[in-house]
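J.: To start, I am sharing the structure in question, which I have written as structure tokens.
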Number of protein chains: 2
Amino acid sequence: MQAQEIKRQLQAFLSGAEIIEADDAFLLDQRRRYRGRADWVVQPASVENVQHVMRFCFEHGIAVTPQGGNTGLCGAAVPDGGLLLSLSRLNRIRSISLADNAITVDAGAVLQNVQQAAAEAGRLFPLSLASEGSCQIGGNIACNAGGLNVLRYGTMRDLVLGLEVVLPNGELISHLPPLHKNTTGYDLRHLFIGSEGTLGIITGASLKLFAQPQTTETAWVGVATISQAVALLTLMQAEFAERLCSFELVSRFALDLSADFSKIAGPVDAPWHVLLELTDSVARDDLGDLLAEFLVAHGFDNAVLAQSESERQNLWTLRENISASQRNLGASIKHDIAVPIERVAEFVERCAPALQTAFAGIQIVVFGHLGDGSLHYNTFLPGVLGNEVYQYEDAVNTIVYENVLACAGTIAAEHGIGQVKNQWLPRVRSEVEIALMRAIKAELDPGNLLNANKLLP
Amino acid sequence: MQAQEIKRQLQAFLSGAEIIEADDAFLLDQRRRYRGRADWVVQPASVENVQHVMRFCFEHGIAVTPQGGNTGLCGAAVPDGGLLLSLSRLNRIRSISLADNAITVDAGAVLQNVQQAAAEAGRLFPLSLASEGSCQIGGNIACNAGGLNVLRYGTMRDLVLGLEVVLPNGELISHLPPLHKNTTGYDLRHLFIGSEGTLGIITGASLKLFAQPQTTETAWVGVATISQAVALLTLMQAEFAERLCSFELVSRFALDLSADFSKIAGPVDAPWHVLLELTDSVARDDLGDLLAEFLVAHGFDNAVLAQSESERQNLWTLRENISASQRNLGASIKHDIAVPIERVAEFVERCAPALQTAFAGIQIVVFGHLGDGSLHYNTFLPGVLGNEVYQYEDAVNTIVYENVLACAGTIAAEHGIGQVKNQWLPRVRSEVEIALMRAIKAELDPGNLLNANKLLP
């Protein structure tokens, strides 16, 4: 169907404001790597209108790509023709139940707005990540987002109590009441979580809330080796349990880059660094003392405890500016990987020499969420500029991913597969698993209209 | 194929000890409601032998019913011909990684042994339920078991990091390394969790561990209404967060029965009762004082705090003996239901009069895990004995479940569907959802050989 005819027919059930021109705000991905194409962007103002759109596209064989805040890092929300379905107008906070410790929201609600609504109700919604000011809950669910608080609160998957989903044929599946226990047949909810917009359009979700922290203690600890950092993590998990909220690993090189960029001196000198944070829902004066005594008692004395909120902010700025500061190194090939925590040191020790042998002068920035085993493993090739870097991507990825797999890890920890890694899926999932995924996809989307060519190889 | 011929062919790859006669220990379910039939019980001693058995049955069209500790409450592990596949000989603790806070075990490991292995390593495996001395991890996963600690630690689903599964055709899917973040395609793990042995044979699992509690404070609180109990829960979750481990509701009638049976005086007099427990991974002397002050400050002064471990045990005995004490009331029709916590009071207030109108003299024992919204709602019909009770089951269930559904609840909170509730599945899952479940089942088990007629209607 021609674009103008599509628009004419959409106008039968969508208002003018719900059908807009496709421009780079929608077509170009966050990393500016992919520019897609779409006849129109539709922004339904109600769940019913999402159903109208999907039924229409199902009947006429029109491709649909759902998109939240367009902050994805693997190109999963880049359209390849047909309609781009933006959830941005479905952005209400629907309800909060304090008794159930749950919030129910539209899928297009921006993560930060959900955090704020929870805070206004005296609760915490713990998902926290760099793009929280613009990413949307539906996208967070579709890619099973991770971020800074996974160690304590889990990934997005762990925070979802119920979903409302419009299927490719326009039918609605709705299970939003906040039930903490419910085992009635196969758990389809978890199929949609992490499906990257290929199985249905998430339009609403009920999410877990938590008590707000009343006490926060933050420390920066220098260690000689990653193994020492892992030993510290292990000791702290036994002693402080869920009070341990964040446990970030930073290499000396990453710290030096960020300190220089941030104009903040590195807190301590060491080959490896840990930024860790404890929180407690009960206000208590002695948590800092307990932490300090604990670190000294276990020989981690190359450490600084934040003595004020501004000192705490400085420590976090050093961690958060790593991404920005490394841009001076040139074009990068980045990796979103995880390995079992007890093998992180092994991975780093075997992968770096392999890369250095293959690419003389390669620079590697290692940092990430050691508390859950995931690393941002970013590589910079000397003298390679802009998109030139992609010609080396396969070769670099092969070395990195082979070493990840040798350490029983995953090539996609918290950013998803999208169109960046789907050719790697057969290396990490067996034929029978991929056949089952295809059967599920075919059952729900027989015309392969919904976000085709993403996730599956 | 005749039973003797099946045995002859099985002997090609199984030892004599792995093929045994089927007796009531395997054929009769925990509630002594269903007696199944099977040609043989096979108890493979290795995962490879599970694969051999499944390949053999797949090729010859022989039905297979997997079974763990045979403690299920919905008849999901009762065989209907063919082979009963017992996981009992696959009972090793495979490994523990303290860095990853994870334990990897065979599916046939008894829950209590997993708890003990964790404790010996200085960690907690938190799943805890009445049958923990004989139920097996594979069964806990297959029915997504709940129990006493869900409020803090989640259901079994939340505790599984990775699975090893033998598919109906004998193929192995194995993802056991303890990855806390991993988003590589549709999450098939969560399909097997809660699938009640209909999609594959779970042979191994990696599970989350937690810090051991160092401090425990237990209180029994009398309240006038369920709404007051919910108000207390809400206040405590904001104040004590994850320290709140258990929050059990007990009706006056249930307490009276149990107090009489247990020869322990009820701690307080009130229409409704709450048994709650706080734990802390850090040893601290002031948690009991904090709890006492908190209860007084919020007007919950009809309360008793356990002052010793024996007082604590008495409180828990009162809770745990409810099931045994109610047997004096006669034959029962029991329900494993959950509703949103803010609607528990509404459910109880509307369901009891409806039952009393339909069945004069009906007695209702209400207790359960209010902290996660699930109730054991047990009904006793006067003068009805033994299996006679089942002729009233449909009528009682209809009233209970209609009221559950009117309150946005679930008919299966933590015991599963099995063969007891599958005719109700179309009331709680839509046609398109059940069609997708059937497609998943057909893809993995085209001959419908694995635990047929369970879970799906």
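Rule-based calculations on the coordinates, nothing more; no lab input. Computed from a prediction, not measured in an experiment: that's the story for all the values here. So basically every Cβ, Gly included, is an ideal-geometry build from the backbone, and we count neighbours across all protein chains shown.
J.: At 7 Å along Cα-to-Cβ for each site, give me the label-to-label distance between residue B:24 and residue B:265 in nm.
T.: 4.3
J.: Further question: Nearest 10 degrees is fine. How inclined is helix B:309-320 to the longest principal axis of chain B, computing both from alpha carbons?
T.: Taking Cα atoms only, the helix is inclined about 70 degrees.
J.: So if I place +1 on the C-beta of Lys and Arg and -1 on the C-beta of Asp and Glu, and nothing else carries charge, what would the dipole magnitude of region A:18-108 be about its Cα centre? I want it in debye, nearest 20. Let's see the in-between values first.
T.: Details: 9 positive and 11 negative charges, 58 e Å.
Here the size comes out at about 280 debye.
J.: Helix A:393-406: angle to the longest alpha-carbon principal axis of chain A, degrees 0 to 90, nearest 10?
T.: That helix lies at roughly 70 degrees to the long axis.
J.: Can you give the translational diffusion coefficient of chain A in µm²/s, computed by Stokes-Einstein from the Kirkwood radius over Cα pairs at 10 °C and 1.306 mPa s? Don't jump to the answer; show the numbers that get you there.
T.: Details: Rh = 23.3 Å.
Once the numbers are plugged in, D ends up at 68 µm²/s.
J.: Let me ask something else about it. Can you work out the FRET efficiency for the pair residue A:59 and residue B:297, with r the C-beta to C-beta distance and R0 = 60 Å, to the nearest 0.05?
T.: 0.45
J.: Taking H placed 1.01 Å from N in the peptide plane, check which residues at least 5 places from residue B:94 or on another chain put their amide H under 5 Å from its amide H.
T.: The answer is B:104, B:105, B:106.
J.: For region B:232-258 and region B:106-125, what is the separation of their Cα centres, given in Å?
T.: Here the answer is 27 Å between Cα centres.
J.: Please report, in debye to the nearest 20, how large the charge dipole of the protein assembly as shown is about its Cα centre when each Lys and Arg carries +1 at its beta carbon and each Asp and Glu carries -1 there.
T.: It works out to roughly 1760 debye.
J.: Using alpha-carbon pairs under 8 Å, 6+ residues apart, how would you state the relative contact order of chain A in percent? Before the final figure, lay out the partial values.
T.: Details: 914 pairs, mean separation 69.4, N = 457.
Worked out over chain A, it gives 15 percent.
J.: Relative contact order, percent, of region B:61-158 when contacts are C-alpha pairs under 8 Å separated by at least 6 residues?
T.: Once normalised by length, the contact order is 23 percent.
J.: My understanding is that a pair violates if its Cα-Cα distance is over 27 Å; which of A:181/B:454; B:334/B:454; A:263/B:181 do that in this structure?
T.: Beyond 27 Å between Cα atoms: A:263/B:181.
J.: Defining the label point at 7 Å along Cα→Cβ, can you sort the distances from residue A:80 to the same site in each other copy, shortest first, in nm?
T.: Reported distances to equivalent positions: 4.4 nm.
J.: Which whole-number percent gives the relative contact order of region A:1-124, counting Cα pairs below 8 Å spaced six or more residues apart?
T.: On the way: 198 pairs, mean separation 27.1, N = 124.
22 percent.
J.: Also, I was wondering about something else. How far, in nm to one decimal, is residue A:16 from itself in the other copies if the label point is set 7 angstrom along Cα toward Cβ? Shortest first, please.
T.: From this label point to the equivalent ones elsewhere in the assembly: 8.9 nm.
J.: Using a label point 7 angstrom from Cα along Cα-to-C-beta, what distances in nm, from shortest up, separate residue A:216 from the other copies?
T.: Once sorted, the set of distances for residue A:216 reads 3.4 nm.
J.: Name the residue farthest towards the positive end of the dipole of chain B from the options B:308, B:11, B:290, assuming +1 on Cβ of Lys and Arg, -1 on Cβ of Asp and Glu, about the Cα centre.
T.: B:11
J.: Here is a further query. Rounded, prolate or oblate: which one fits the protein assembly as shown, using the alpha carbon gyration tensor with axes a ≥ b ≥ c (rounded when a/c is under 1.5, else prolate when a/b beats b/c, else oblate)?
T.: On the way: a/c = 1.43, a/b = 1.24, b/c = 1.15.
Verdict is rounded for the protein assembly as shown.
J.: Going by Cα centres, region A:22-80 and region B:290-325 are how many Å apart?
T.: Each part's Cα centre sits 55 Å from the other's.
J.: Using the Karplus curve 6.51 cos²θ - 1.76 cosθ + 1.60 with θ = phi - 60°, what ³J(HN,Hα) values do you get for each residue of region B:408-421, in whole Hz, with x for Gly and Pro?
T.: Rounded to whole hertz, the list is 6, x, 10, 7, 9, 8, 9, 10, x, 9, x, 10, 7, 10.
J.: Shifting gears a bit: Which residues' amide hydrogens lie under 5 Å from the amide hydrogen of residue A:412, considering only partners 5 or more residues apart or on another chain, with H built in the peptide plane?
T.: Those qualifying (amide H under 5 Å, at least 5 residues apart or on another chain) are A:338, B:183.
J.: Can you give the helix-only mean residue ellipticity at 222 nm for chain B, where every DSSP H stretch with n ≥ 4 adds -39500 (n - 2.57) and the sum goes over all residues, rounded to the nearest 500 deg cm²/dmol? Working shown, then result.
T.: Values: 17 runs with 154 residues, N = 457.
Theoretical 222 nm ellipticity from helices: -9500 deg cm²/dmol.
J.: Note down the magnitude of the dipole of region A:249-369 about its Cα centre, charges +1 on Lys and Arg C-beta and -1 on Asp and Glu C-beta and zero elsewhere, to the nearest 20 debye.
T.: Roughly 700 debye for region A:249-369.
J.: Which residue in A is nearest the A/B rotation axis when you measure from the C-beta atom, and what is the distance in Å?
T.: Closest to the axis: A:190, 2.
J.: Between residue B:7 and residue B:304, what is 0.36 nm times their sequence separation minus the Cα-Cα distance? Round to one decimal in nm. Please report the intermediate quantities before stating the final value.
T.: Details: separation 297, 0.36 × 297 = 106.92 nm, distance 6.04 nm.
Length gained, residue B:7 through residue B:304: 100.9 nm.
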